[in-house]
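Read through the structure below, which is laid out as structure tokens, and then see the notes.
Values quoted throughout were computed directly from the atomic coordinates according to the rules given, and no laboratory measurement underlies them. These figures come from a predicted structure and were not determined experimentally. In this analysis, Cβ positions are derived from the backbone assuming ideal geometry, glycine residues included, and neighbour counts consider all displayed protein chains.
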Amino acid sequence: MKTVHINLPVPLRKFAKGIAQISIQAETVLDAILQLNQLDPSMSERLLEADHSAPKKYINMYVNGQNIRQTGGLKTALGEQSRLEIMTAFAGG
């Protein structure tokens, strides 16, 4: 397993005990998201489609600055010290 650093957006921090960044052990983006369930059992359902096939439409995830939708989705491999950024979409007008 690789050590991965995850940055959580402000709207998700209330479900993560106020934590802005956490380091976990994971091999893929999906592994990392499932590890977040240790902070709150509902974390993966907030971030992923019900079948865990992709992030929800309003969630973007980046590994070392690259959008995972273009690098293998949730199966994107994580390297040692990778950074996973989770971003929620903004709406307004």
- Message: Tell me which chymotrypsin sites (Phe, Trp or Tyr not before Pro) from the chain have a DSSP coil assignment and no more than 13 other beta carbons within 10 Å of their own.
- Response: Tyr58, Phe90
- Item | Paired Rg and Dmax values of region 2-88, which use every Cα atom, in angstrom | 11.4, 31
- Message: Using each residue's phi in region 57-64, evaluate 6.51 cos²θ - 1.76 cosθ + 1.60 at θ = phi - 60° and report the 3J(HN,Hα) Karplus result to the nearest Hz, with x for Gly and Pro.
- Response: 4, 8, 10, 10, 10, 10, 10, 6
- Task: Hey, for a label at His5 modelled as a point 7 Å past Cα toward Cβ, could you say which residues of region 45-65 have their backbone N under 13 Å away?
- Result: 64-65
- Taking Cα pairs closer than 8 Å and at least 6 residues apart, the relative contact order of the chain in percent is 36 percent
- Would you calculate the volume per residue, in Å³, of the smallest convex hull containing every Cα atom of region 40-86? 84 Å³
